[in-house]
1. Within the stretch 33-50, is there a residue that is part of a strand (DSSP E or B), surrounded by 13 or more Cβ atoms within 10 Å (Cβ to Cβ) and modelled with pLDDT of 95 or more?
2. I'd like the residue in the stretch 319-353 that is among the polar types (S, T, N, Q) and assigned to a loop (DSSP other than H, G, I, E, B) and, out of all such residues, is surrounded by the fewest Cβ atoms within 10 Å (Cβ to Cβ).
3. Give the residue that is surrounded by the fewest Cβ atoms within 10 Å (Cβ to Cβ), with candidates limited to residues of the stretch 115-162 that are on the phi > 0 side of the Ramachandran plot and small (Gly, Ala, Ser).
4. Mind checking which helices (runs of 4 or more DSSP H) fall wholly inside the stretch 66-167 and carry at least 2 residues that are aromatic (Phe, Trp, Tyr)?
5. Find the residue count for the stretch 244-256, including only residues that are aliphatic (A, V, I, L, M) and within 14 Å of the chain's Cα centre (by Cα).
6. Would you tally the residues in the stretch 296-312 being surrounded by fewer than 20 Cβ atoms within 10 Å (Cβ to Cβ) and either over 19 Å from the mean Cα position of the chain (by Cα) or part of a loop (DSSP other than H, G, I, E, B) (or both)?
7. Among the residues of the stretch 230-245, which ones are farther than 21 Å from Leu184 by Cα and either crowded, with 24+ Cβ neighbours inside 10 Å or among the polar types (S, T, N, Q) (or both)?
8. Please state which one of Tyr191, Tyr173 is surrounded by 22 or more Cβ atoms within 10 Å (Cβ to Cβ) and under 19 Å from Trp124 (Cβ atoms).
Amino acid sequence: MITLICYYIGGDFVIYVVKQGDTLFSISAQTGVPVWKMVYDNQLAGEDQLVIGQALLILQPEESASMRDDMLVTGYAYPFVEPYILEQAFPALNELLVFSYGFTFTGELVPPPQDDLWMIEAAWEAGIEPLLVLTPFSEGAFNNQLVKVLVENEEIQQRVIDNLLYTVQDRGYSGVDIDFEYILPENRVAYAEFVGRVREAMNAEGYKVSVALAPKTSADQPGLLYEGMDYALLGANADNVFLMTYEWGYTYGPPMAVAPLNKVREVVEYALTEIPKEKILMGIPNYAYDWPLPYERGITKARLIGNVEAVQIASENGVSIEFDDLAQSPHFNYTRDGIVHEVWFEDVRSIEAKLNLAREYELLGVGYWNLMRPFRANWLLLEK
């Protein structure tokens, strides 16, 4: 008898949770799936890389399906992404959000440092729509003064819109994703109106517009990240919205899940009171954090790592993986050079829980921040 968690979608893929005494050979004997395929699908470092509590995606070799018609799947990537990593995600994607174009105080666009044309062409060749991501980036950070100048000056707005339209047409994009953060509260309405103007101009030429939203749970939620975001206005003025439902666990915060399901649910439930469900994309993180302990506010800095790397760390240090039922997220502790570390990451269990939440509320789909790190099992799960 095998210990497993199952979810079936017109087939019989299995999420198998490793227990004491398991080997890939014993799991293969019980499931009928070759060892080589489990190693490949789960990006294991070798046949002996198993950790108690580790979640494995078990797929039969002949299984092949696509979830593209079930929900829209999108994700952000920088032009310096390794092509092979991006191509692993392509079979599961409908859209690719190319991060990012900035703009100046006079309304001129600032392209990404690396050429984006290869990503645009690769996306179209794979049947995926590439979107240009517009950000108010200045010196590597979001600049709300850029936003203030933009939304308070119609002439600069028009110049940005004209430049966006030209670039979308010239480069071969299918639309624009607007990702502005830390908007000043006094610019809340003007920002939403700007999004509406971009949408009007883009829709007239056959292009679409999405907007990224900070994860709010109420209209009057305090904080600079939230006060300039009006869910109702932005939802009305964009073709769809991308809920940034991650970063509860973050670089300078205390150790916790990056996207605890209970917190994600609260954001989704609030969003549904302001925005039609068919417009909502729910964000999913494709990254993890490793915190040195003890945590000291303002001093401790977590290390950003990948989900595949997290499992490798657990394996190298001979520790078991735990699973938090409330957050629906895996985590573990290990010791290196006398320092205890705490790691929170995503695995196929936590991803499946998030996909089920999006299905439960019949959302438009899901979106990933970001596609820069390998996570093959995630993309295979989405294809199912």
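1. no
2. Ser320
3. Checked the stretch 115-162; the qualifying residue surrounded by the fewest Cβ atoms within 10 Å (Cβ to Cβ) is Gly140.
4. 117-125
5. Result for the stretch 244-256: 1.
6. Adding up the residues that qualify gives 8.
7. Asn240, the sole residue that qualifies.
8. Details: Tyr191 fails: under 19 Å from Trp124 (Cβ atoms).
Just one listed residue meets the conditions, Tyr173.
The values are calculated or read from the model by the stated rules, or taken from the named source; none is laboratory data. Keep in mind that this is a model prediction, so the values were computed, not measured. Here Cβ is always computed from backbone atoms with ideal geometry, including for glycine, and neighbour counts include all displayed protein chains.
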